[in-house]
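Novice: Mind looking over this structure? Questions follow.
Where a number appears in this text, it was derived from the coordinates with a stated rule and is not lab data. None of the values given here were measured: they were computed from a predicted structure. Backbone-built Cβ (ideal geometry, glycine too); neighbour counts: all protein chains shown.
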Amino acid sequence: MLVTVGVLTAVAMTAVTGATMLASAAWPGRAPAAAILLWQALGLGWGLAAVGALAALAARPAHTGVAGGVLAFAGDAVGQAADPAREPIALTAFRVTCLVLAVALLALLCWVLAAVCAAVLRTRRRHRALLTLLARGDPKAPGALVLDHPAAAAYCLPGLRSRIVISAGTLDLLDPAELAAVLAHERAHVRERHDLVLLPFTALCRAFPRCGVTFRAQHAVALLVEMLADDRARRARPARELATALMRFGVAGASAPPSGALAATAAGGQGDVTARVTRLLEPQPGLSRLLWVGVCCSALVLVVVPAALFVIPL
Amino acid sequence: MDVLWDTASPLTVREVSERLAERELAHTTVMTVLDRLAKKGFAQRERDGRAWQYRPAASREAYVTELMLSALDQAGDRQAALASFARSVTDSEARALRSALEAFEDRPGD
């Protein structure tokens with residue numbers, strides 16, 4: 001069982017190190033889809049490995065993998081009263097502590113994910129209800145709702161009944177071609193449910209609010225999702241239209257915030273818009289097939305190895 | 001809801017119906033809609049004799065601002081409930097973008 005603990009710990013640490021490296025790597029901009037896949041595997045693999053390592057410490061040396069070992073330990077604990085002299089009490093206490101920690105970590109992760117899902121659904125429901133009351137259709141923006149506000153905003157409200165919303169300020173800011181590019185970008189978000197990709201990382205930020213890696217991960221995935229939608233929009237519209245739309249948004253957002261509260265939101269995402277504009281105007285070649293396969297294999301290993309160790313003895 | 005927003009004083013169901021006369025809505029329909037708005041917290045109601053009087057819980061502008069804030073407040077503790085086209089940028093980035101945009105517009109159509 002010690003080998004299992006070692007492997008799982010190694011996977012968990014690799015996931016954290018990998019996340020740190022991936023957050024500052026340059027290649028994800030060339031292949032957002034591959035990078036997003038790797039991010040999901042890092043998150044899931046880390047969760048499985050961390051819970052598994054703690055559980056494996058609690059598991060009795062059994063030839064059945066982590067899950068079987070934990071069950072064997074639990075079975076022993078029940079029968080312990082009849083046979084108290086089998087194991088030093090300190091070791092038993094250590095095992096119990098590890099088991100409690102493993103269960104607590106698993107519960108925390110599940111609970112936070114559920115809480116974030118519930119909060120997001122609640123926010124969206126209220127937002128959608130308000131949009132029904134406040135927004136109007138506009139022939140200039142087919143398929144989108146228009147909100148009468150002078151600031152520039154364009155966003156989508158994902159969900160089963162999704163909405164694409166732009167502000168009246170956006171209608172003034174962009175020419176029709178740029179607007180079409182922005183709408184194509186938002187439609188890509190809605191169609192491919194990019195919000196679901198981001199959700200686990202929002203949950204991780206909630207679970208570990210003091211941890212810098214989770215915030216860097218969430219930020220990186222958010223940017224990659226935008227890049228992916230940029231790429232989808234570029235299939236339908238010239239990249240140039242989307243790039244100028246982005247530049248106009250960036251300039252308008254910083255120079256004319258409609259209220260004091262909005263001006264204070266520039267903390268995150270340093271250089272994100274610039275990075276997106278640059279890769280639209282100067283497209284980089286995508287990843288070679290070999291690198292793609294490498295990324296997919298790494299993702300697979302990160303998830304399959306810890307998952308397998310739950311049932312396969314080592 | 002527009003009727004409530006456009007009137008300063010609280011309105012009864014009948015008064016709302018009268019203001020929506022051209023839509024030819026049934027009295028019960030208006031009542032149901034107002035009841036639903038009150039349940040969702042967008043309208044507040046109080047008893048005035050036998051009838052309920054409704055007024056908006058907040059102004060139209062306040063709600064628009066709320067939506068725009070959640071749309072633009074993408075930094076910090078964001079919930080990922082929405083996906084904004086572009087996040088807010090810093091002043092220095094905005095300056096760089098502006099000069100890039102100007103340079104770009106000087107050489108159109110390449």
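Novice: I need the Kirkwood Rh of segment A:106-182: take the reciprocal of the average 1/r across all distinct C-alpha pairs and report it in angstrom.
Specialist: 13.9
Novice: I would also like to ask the following. For B:GLU105, B:GLU22, what ranking results if the residue with the fewest other Cβ atoms within 10 Å of its Cβ goes first?
Specialist: Fewest to most other Cβ atoms nearby, the residues stand as B:GLU22, B:GLU105.
Novice: Rounded to the nearest 0.05, what FRET efficiency is calculated for B:ASP6 and B:ALA58 with R0 set to 25 Å and r the Cβ-Cβ distance?
Specialist: So the FRET efficiency works out to roughly 0.95.
Novice: Taking the beta-carbon count within 10 Å as an exposure proxy, list A:THR202, A:THR92 from fewest neighbours to most.
Specialist: A:THR92, A:THR202
Novice: Separate question: Using just the C-alpha positions of segment B:2-56 as equal point scatterers, what log10 of I(q)/I(0) does the Debye formula give at each q in 0.15 1/Å?
Specialist: -0.36
Novice: Here's something else I'd like to know. Counting partner chain Cβ atoms within 10 Å of every residue's Cβ in A:163-176, what's the average?
Specialist: Mean inter-chain Cβ contacts per residue within 10 Å come to 1.
Novice: Amide H neighbours of A:LEU145 under 5 Å, at least 5 residues apart or on other chains, H built in the peptide plane: list them.
Specialist: A:ILE164, A:VAL165, A:ILE166
Novice: Give me, ordered by chain and number, the residues 5 or more places off B:VAL89 or on other chains with an amide H under 5 Å from its own placed amide H.
Specialist: Amide H to amide H, under 5 Å and 5 or more residues apart or across chains, B:VAL89 pairs with A:ALA254.
Novice: Provide the gained length on full extension for the span B:GLU66 to B:ASP48, in nm with one decimal, where the gain is 0.36 nm per separating residue minus the Cα-Cα distance.
Specialist: Extending this stretch completely gives an extra 3.4 nm.
Novice: Also: Regarding segment A:143-221, what is the average projected area of its C-alpha convex hull, in nm²?
Specialist: If you wrap the Cα atoms of segment A:143-221 in a convex hull and average its projections, you get 6.4 nm².
Novice: Looking only at segment A:70-184, where both bridge partners belong to it, what percent of the DSSP beta bridges are antiparallel (to the nearest 5)?
Specialist: Once the DSSP bridges in segment A:70-184 are tallied, antiparallel ones form about 65 percent.
Novice: What is the set of long-range amide H partners of B:TRP52 at a cut-off below 5 Å, with H atoms built 1.01 Å from backbone N?
Specialist: B:VAL13
Novice: Now for a separate question. At a threshold of 8 angstrom on Cα-Cα distance, excluding pairs fewer than six apart, so keeping six or more, what relative contact order does segment B:2-56 reach in percent?
Specialist: Relative contact order for segment B:2-56 comes out at 42 percent.
Novice: Given the rule -39500 (n - 2.57) for each run of at least 4 DSSP H residues, summed and divided by the residues of chain A, what is its mean residue ellipticity at 222 nm, to the nearest 500 deg cm²/dmol?
Specialist: -24500 deg cm²/dmol
Novice: Antiparallel as a % of all DSSP beta bridges within the protein assembly as shown, to the nearest 5?
Specialist: Here the antiparallel bridges make up roughly 85 percent for the protein assembly as shown.
Novice: For segment A:18-71, divide the Cα radius of gyration by the Kirkwood radius and give the resulting Rg/Rh value with two decimals.
Specialist: 1.23
Novice: Inside 10 Å of the C-beta atoms of A:149-162, what's the mean count of C-beta atoms belonging to other chains?
Specialist: Whole-number average of other-chain Cβ neighbours for A:149-162 is 4.
Novice: Here is a follow-up. Which order do peptides A:218-229, A:281-292 fall in by mean Cβ count within 10 Å, highest first?
Specialist: With the highest mean Cβ count within 10 Å placed first, the list reads A:218-229, A:281-292.
Novice: Can you put A:HIS194, A:HIS185 in order, fewest other beta carbons within 10 Å first?
Specialist: A:HIS194, A:HIS185
Novice: Then there is this: Kindly provide the pair-distance distribution of the protein assembly as shown built from C-alpha pairs, with 20 Å bins from 0 and whole-percent values in order of increasing distance.
Specialist: 22, 43, 26, 9, 0
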